[in-house]
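S.K.: Take this structure, written in structure tokens, and hold onto it; I'll ask about it next.
The values are calculated or read from the model by the stated rules, or taken from the named source; none is laboratory data. Because the structure is a prediction, the values reported are computed rather than measured.
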Amino acid sequence: MARVGGRNLAVSWIAGVICAAVVAGLAWFALPMLPVMAEFFGEGIRSMAP
């Protein structure tokens with residue numbers, strides 16, 4: 001990202017770390033659903049194949 005006048009580098013780093021932590025937290029909460037989704041899509045693919 002290009003440097004824009006008036007932006008503080010420390011604040012942008014803190015905001016980036018917080019955003020990364022939020023994304024990591026959402027991924028952590030989504031992990032238990034992974035086997036369920038794999039089974040769902042697997043059944044859908046098996047039902048389409050002859």
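Residues are listed down the side, and each one gets a yes or a no for (1) of a type outside the set (F, W, Y); (2) under 20 Å from the mean Cα position of the chain (by Cα); (3) part of a helix (DSSP H, G or I):
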residue: V17; (1), (2), (3): yes, yes, yes
residue: F29; (1), (2), (3): no, yes, yes
residue: P32; (1), (2), (3): yes, yes, yes
residue: M37; (1), (2), (3): yes, yes, yes
residue: S47; (1), (2), (3): yes, no, yes
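S.K.: Working carefully through the options G16, G25, G5, find the one that is modelled with pLDDT of 95 or more and among the small types (G, A, S).
M.R.: Result: G25 is the single residue among G16, G25, G5 that is modelled with pLDDT of 95 or more and among the small types (G, A, S).
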